[in-house]
Amino acid sequence: MNDENILEFKNINKSFFHVPVLKNIQFELKKGHIVGMIGENGAGKTTLMNILGGVIFPDSGDMVLHGNLYKPNNPSDAIHNGIGFIHQELNLFTNLSIAENLFIDDFPRYKWLPLINRKAINEKTREYMGMVDLDYAPNTLVEKLSPGERQLVEIAKALSSNAEIIIFDEPTTSLTNRETQRLFNIISRLKESGKSLIYISHILSDVLQLADDIVILRDGEIVGKGKKEEFNVNKMISLMVGREITELYPYRKAEPTNIPVLEVKNLSQSGIVHNISFTLHKGEILGLFGLMGSGRSELAKIIFGLDSFEKGEVYIQGVPIEKYSPRVCIQKGVAFVTENRREEGLLMSSTIAENIGLVSLPSFARSIMRVLDNGALKPELQNIVKLLQIKSGDIYKVPAKSLSGGNQQKTVIGKWLLANPSILIVDEPTRGIDVGAKYEIFNILNNLAVQGTAILFISSEIEELMGLCDRILVMGYGEVCGLFERKDFNKEAILKTAFRENGNGS
């Protein structure tokens, strides 16, 4: 490891629609070092990395790469200058092979013929796969790989382009603990080989574990930077959000009632879930925990009518549901915040207002011609934006894709709140968002429960479930294998229950 600066940001500024999003950004990345970058959603991290990647241009300021002025005109310039990106939303063609994904921009060809050299592709693919400990045939389709293995393909792709600087943007949000540790081992090896990395994450303990230096952004400005030894988690949170958050989980203001609003009885679907039964009460937050592959997300989709079931019954407000479908569920007051907000929860190119109003449009249709009453809809949209503190420009002009992850998640929640649901299913609602936005979402859910909304809260984070829920249902291998009352919450016991039902425990 040496102290040579491989990359320097010098007074980078950027505004969108006359709103400053980056203000005089200045820091350095040394060769063979890892810079951990943290900040709330909307702090400017993605904008800065898009400038580095040639996606957008700064209004002012310079970047210096290997001692020379660096002004990329497009993403290809960044790749050719040795900069690779491992995005949170992986940029892979799942219907193509590993080899095809690695070399899709530049297939090796025969020296004298304009033909793709398959032998060379396979040899090089095996070489790069070996660097990331991925043991598959080069012709394996990416769709057959787990999220963690796809992440490794992305890293191999960056290495195949001779990247000297690799940016990791929330790389662990979809990974199991084992896959995360495997990724960390590879990151350590990349650093030891002389690669320089920028590691962006909301998991502050991971940043402290991996990084040499830390840069903290808030509202487009650097509010803290230095060696990692100068920071701890509390200091990082305080700098990120501009205030201390002593309690991440809000106090449960009211006890749930004994009134059942959702009853699932002996629900089964071959190969997915088996004999699932539980009751969700008015004003209750019921947690649903399970390891990857336990069937928890699949169960949520079945309850909302997205997927079918072979056996069992679902009762809403004591009435059995027949002709099951999402439309029927919505009409019965059920809402579903999906795990995949970008692909399933939002129309990314549509405006914030269009997204929030989407589910509730029939409620604002007037007369026999079903004409939309914009006069009635507009104040309701504004109330939702104010209630959820969605940070954006003009909600009637700004597309959802321009929002930070936290504000996208709030927009998805807002879409369902406008429909005034009596039952809210939320699947991993805090995945990939910062601690400040998490606290706001926890508050929203808590307040909804106080108002009587019944909430089924699915999460892979036991701490979240223990901090917010009244009870926790544990799934394993498609079955319910445990139920914990709040007074009995114990992280070790919950984990043991999940592992035992997967055949991995005692």
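Things worth noting here:
- In segment 367-411, residue farthest from the chain's Cα centre (by Cα) [restricted to those that are farther than 21 Å from GLU344 by Cα and of a type in the set (D, E, K, R)]: ARG370
- Segment 295-345, residues that are crowded, with 21+ Cβ neighbours inside 10 Å, at pLDDT below 90 and among the small types (Gly, Ala, Ser): GLY295, GLY305, GLY345
- Counting only helices (runs of 4 or more DSSP H) that fall entirely inside segment 84-203 and contain at least 3 residues that are surrounded by 13 or more Cβ atoms within 10 Å (Cβ to Cβ), out of contact with any Cys (no Cβ under 7 Å at 6 or more places or on another chain) and in contact (Cβ under 8 Å) with a residue 60 or more places away in the chain, the qualifying elements are 147-160.
- Of the residues making up segment 314-354, just one is in contact with a Leu (Cβ under 8 Å, 6 or more places away or on another chain), over 26 Å from HIS281 (Cα atoms) and free of Cβ contacts under 8 Å to residues at least 24 places away in the same chain, namely GLU354.
- Within segment 52-93, the set of residues being within 30 Å of ARG150 (Cβ to Cβ), polar (S, T, N, Q) and either touching a Lys or Arg at 6+ places or on another chain (Cβ under 8 Å) or modelled with pLDDT of 90 or more (or both) comprises ASN73, ASN74, ASN81.
- Meets criteria (surrounded by fewer than 18 Cβ atoms within 10 Å (Cβ to Cβ) and touching a Leu at 6+ places or on another chain (Cβ under 9 Å)) for ASN275: yes
- Taken together, the residues in segment 11-56 that are in contact with a helix residue (DSSP H, G or I) (Cβ under 7 Å, 6 or more places away or on another chain) and in a loop (DSSP other than H, G, I, E, B) amount to 8.
- Filter result for LEU208 (under 23 Å from the mean Cα position of the chain (by Cα), under 19 Å from ASP169 (Cα atoms) and not hydroxyl-bearing (Ser, Thr, Tyr)): yes
The values are calculated or read from the model by the stated rules, or taken from the named source; none is laboratory data. Nothing here was measured: the structure is a model prediction, and the numbers come from that model. Positions of Cβ are generated from backbone atoms using ideal geometry, with glycine treated the same way; all protein chains shown enter the neighbour counts.
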